[in-house]
Amino acid sequence: MNFADMGPLIQTALELGLFSALTVLALYLSYTMLNVCDLSTDGCFTMGATVGAVVAISGHPYLSIFAAMAAGMLSGLVVAFLQTKMGVESLLAGIIVNTAWYSVNIAIMGNSSLLNMNKTDTIFSILKEKLEGTFLASSYKLIIAFVAVALVVTFLSFFLKTRLGLAIRATGNNPDMVKSSSINPAFTTIVGLCIANAFTALSGCLLAQSQKSVNIDIGSGMVTVALASLLIGGAIMSKGGITRRAIGAVIGAFLFRLVYTIALRFNMPAYMLKLVSSVIVIIAISGPYLKKQFPLLQRRMNLRKLNREGR
Amino acid sequence: MLKISNISKTFNPGTVNAKLAIDNVSLEVKDGDFITVIGANGAGKSTLFNAIAGDFITDSGQIFLDDTDITLMPEYLRAIKIGRLFQDPLRGTAAGMTIEENLTLAAGRGGWLSRISHAQREEFKDMLRELGMGLEDRMKQPMGLLSGGQRQAVTLLMATINPPSLLLLDEHTAALDPAAADKVLKITKDVVEREKLACLMITHNMQSALQLGNRTIMMNKGKIILDVSGEERANMTVADLLQRFKELSGEALDNDRMLLGVE
């Protein structure tokens with residue numbers, strides 16, 4: 001690999017990183033703030049992609065973005081409803097919805113598991129046309145991804161400081177305290193999951209439209225990839241305010257993709273992505289736990305040694 | 001103001017672990033009443049508080065607060081009129097959020113999308129200054145950095161920032177060191193007097209049970225077995241109280257902390 005390769009490599013990583021950063025920001029809201037591990041992320045991501053594709057194919061490139069986000073909100077509403085009003089465990093609710101959406105997504109695509117957008121007008125093809133001949137011609141994907149991420153980060157850093165945003169954060173922190181503030185934690189959970197899933201769906205929609213195709217597996221494993229990015233971001237910016245940590249999540253998404261893209265160049269097979277992301281999540285979550293266990297382990301070793309010597 | 005009529009609650013009904021935690025309890029609390037609640041371990045004191053606050057819905061009976069039937073009202077709606085403090089200072093506040101964010105949520109002013117205003121911040125600052133704990137300069141620090149006493153004082157502030165009709169204090173000073181407990185108790189007395197709140201306070205300190213407030217009730221096995229106020233209460237000593245318990249329940253008071261006289 002030479003340095004001339006690095007430019008396009010970084011650009012690809014940046015594009016893919018920014019697209020998935022939208023999902024990472026969704027988890028930043030649901031996992032970090034609301035303390036709900038929303039396993040419907042995969043299905044919701046795919047739903048955003050399928051709805052976005054179908055609406056775009058029917059000739060509404062701009063509407064497709066909002067339609068995808070609305071579908072995501074609906075998906076979030078279903079998950080939140082199951083866990084707050086129907087007594088379904090939060091993890092289980094996500095898994096069930098995820099499974100259900102597999103059928104729904106195929107139905108949305110008209111009984112097909114693959115849709116092609118080669119000849120479809122999307123915001124990407126429109127922007128590409130507009131930028132033709134300028135020096136930005138090759139960065140149209142990057143521009144859209146960057147604008148979307150910037151909008152979501154701005155929204156989150158504003159929203160999480162409003163009274164509703166505070167209530168959502170408190171729900172993840174101490175639901176008892178939310179109740180004693182006369183706010184229904186079921187309500188804040190529903191709102192939080194609806195907003196988070198709108199971003200997840202947006203993420204799926206933009207990825208599908210940028211690669212001009214959607215298949216039913218587009219979102220599979222997304223929750224782990226996003227979680228890995230989120231935890232990497234958290235390791236970089238563990239301290240600081242809401243905005244700083246949101247930006248950290250975006251950087252985490254980019255770094256994850258960068259490392260992955262470089263690994264691909266070093267002939268790591270593409271199918272390793274999910275194994276790698278799972279290992280990252282395991283290390284990030286169990287690392288602090290093992291670190292805490294370490295003194296105990298050390299003590300056990302020492303005692304064993306002492307006992308042996310004593311005998 | 002608070003009227004409880006014939007409420008009962010059995011936990012784990014129909015199993016070997018069935019426990020009648022509240023047994024046909026009736027109680028009327030008048031405006032401005034400050035009632036101390038005492039009783040043995042497992043007598044149903046906290047369960048009674050949980051029933052009033054709405055942690056669970058009672059099996060039978062009715063509860064009225066300010067002439068509104070709150071028997072079936074969910075906990076978060078009752079919280080508009082009922083302020084509550086627990087023994088555990090961590091329960092009342094969100095540790096990961098700053099002092100001012102906690103206070104903002106408790107104050108609940110403005111629309112859902114409103115942010116903390118300058119005026120509100122100043123108001124919080126004045127309230128915190130009154131606690132005399134130097135917290136007015138730490139409003140942007142996370143709640144988790146505060147000591148137990150400080151957190152409990154802020155919780156009290158949060159519970160009374162919109163004066164409730166009724167304040168439930170469940171041994172709210174028991175987990176604090178003596179100095180902090182005194183301080184929090186003093187703040188409690190001040191706020192109860194200033195806002196003329198009706199207040200129920202569980203305590204294991206027999207002395208303060210008789211000194212504080214204007215009325216004392218004693219619980220045993222899910223029932224209220226003694227309800228004293230006025231002159232009778234004024235002339236009562238701790239020994240009298242223990243004697244009355246023995247007479248009424250047929251056994252000695254087995255609250256270990258009470259017997260040891262631990263603060």
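Shown here for region A:52-142: chymotrypsin sites (Phe, Trp or Tyr not before Pro) in loop regions (DSSP other than H, G, I, E, B) with at most 14 other Cβ atoms within 10 Å, namely A:PHE135.
Could you tell me what percent of the DSSP beta bridges with both partners in chain B are antiparallel, to the nearest 5? Walk me through the numbers on the way to the answer.
On the way: 21 of 39 bridges.
Taking every DSSP beta bridge within chain B, about 55 percent pair in antiparallel fashion.
Taking the inverse of the mean 1/r over every pair of distinct Cα atoms in region A:71-165 gives a Kirkwood hydrodynamic radius of 17.1 Å. Kirkwood Rh and Cα-based Rg: tell me the resulting Rg over Rh for the protein assembly as shown, rounded to two decimals. So for the protein assembly as shown, dividing Rg by the Kirkwood Rh gives 1.08. Neighbour counting of Cβ atoms within 10 Å sorts the residues A:HIS60, B:HIS118, B:HIS204, B:HIS172, fewest neighbours leading, into B:HIS118, A:HIS60, B:HIS204, B:HIS172.
Compactness check for region B:150-250: Cα Rg over 2.2 N^0.38 Å is 1.16. In a reduced charge model with +1 at each Lys and Arg Cβ and -1 at each Asp and Glu Cβ, region A:3-275 shows a dipole moment near 520 debye about its Cα centre.
Give me the compactness ratio for region B:107-163, meaning the Cα radius of gyration over 2.2 N^0.38 Å. Show your work: numbers first, answer last.
Working: Rg = 11.7 Å, N = 57, 2.2 N^0.38 = 10.2 Å.
For region B:107-163, the normalised Cα radius of gyration comes out at 1.14.
Would you kindly calculate the mean projected area, averaged across all directions, of the convex hull enclosing the Cα atoms of chain B, in square nanometres? Walk me through the numbers on the way to the answer.
Working: hull surface 60.6 nm².
Average of the hull's projected areas for chain B equals 15.2 nm².
Backbone geometry of region B:6-15 corresponds, through the Karplus equation with coefficients 6.51, -1.76 and 1.60 at θ = phi - 60°, to 3J(HN,Hα) couplings of 6, 8, 9, 8, 10, 8, 6, x, x, 10 Hz, x marking Gly and Pro.
Here the Kirkwood formula, the inverse mean of 1/r across different C-alpha pairs, assigns region B:64-212 a hydrodynamic radius of 16.0 Å. A DSSP coil position with no more than 13 other Cβ atoms inside 10 Å describes the following trypsin sites (Lys or Arg not before Pro) in region A:206-282: A:LYS239.
Dipole of region A:3-275 computed with +1 at Lys/Arg Cβ and -1 at Asp/Glu Cβ about the Cα centre; of A:PHE135, A:ILE95, A:HIS60, farthest Cα towards the positive end is A:PHE135. Applying a threshold of 19 Å to the alpha-carbon distances of A:LYS85/B:LYS3; A:LYS119/A:LYS141; A:LYS119/A:LYS212 flags A:LYS85/B:LYS3 as lying beyond it. Straight-line cross-link partners of A:LYS161 among the lysines, defined as a Cα under 18 Å from its Cα and at least 8 positions apart when in the same chain: A:LYS239, B:LYS140.
For chain A, dividing the convex hull volume of the Cα atoms by the residue count gives 188 Å³ per residue.
For region B:97-106, the Karplus equation 6.51 cos²θ - 1.76 cosθ + 1.60, evaluated at θ = phi - 60°, returns couplings of 10, 6, 4, 5, 5, 4, 5, 4, 5, 5 Hz by residue, with Gly and Pro reported as x. Dipole check for region B:188-235: with +1 at the C-beta of Lys and Arg, -1 at the C-beta of Asp and Glu, and the Cα centre as origin, the magnitude is about 180 Debye. Amide H to amide H distances under 5 Å link B:ASN220 with B:ILE225, where only residues 5 or more positions off or on other chains count and H is placed in the peptide plane. Diffusion of region A:107-222 by Stokes-Einstein, at 4 °C in a medium of 1.567 mPa s and with Rh set to the Kirkwood radius over alpha-carbon pairs, works out to 76 µm²/s.
To the nearest whole percent, what portion of all C-alpha pairs in region A:178-311 is separated by more than 20 angstrom? Walk me through the numbers before you get to the answer.
On the way: 5826 of 8911 pairs.
Summing the P(r) of region A:178-311 above 20 Å gives 65 percent of all pairs.
Each Lys and Arg contributes +1 and each Asp and Glu -1, all at the Cβ; summed about the Cα centre of chain B, the dipole is approximately 400 debye.
A straight Cα-to-Cα reach below 13 Å connects A:LYS179 with the aspartates and glutamates B:ASP55, B:GLU75, residues fewer than 8 places away in its own chain not being considered. Toward the positive end of the charge dipole of the protein assembly as shown, with +1 on the Cβ of Lys and Arg and -1 on the Cβ of Asp and Glu, the farthest Cα among A:VAL104, B:SER8, B:ASN220 is that of A:VAL104.
Any read-out appearing in this document is the output of simple, stated calculations on the displayed coordinates, not a laboratory observation. Computed from a prediction, not measured in an experiment: that's the story for all the values here. Glycine gets a Cβ as well: all are built from the backbone with ideal geometry, and neighbour counts include every protein chain shown.
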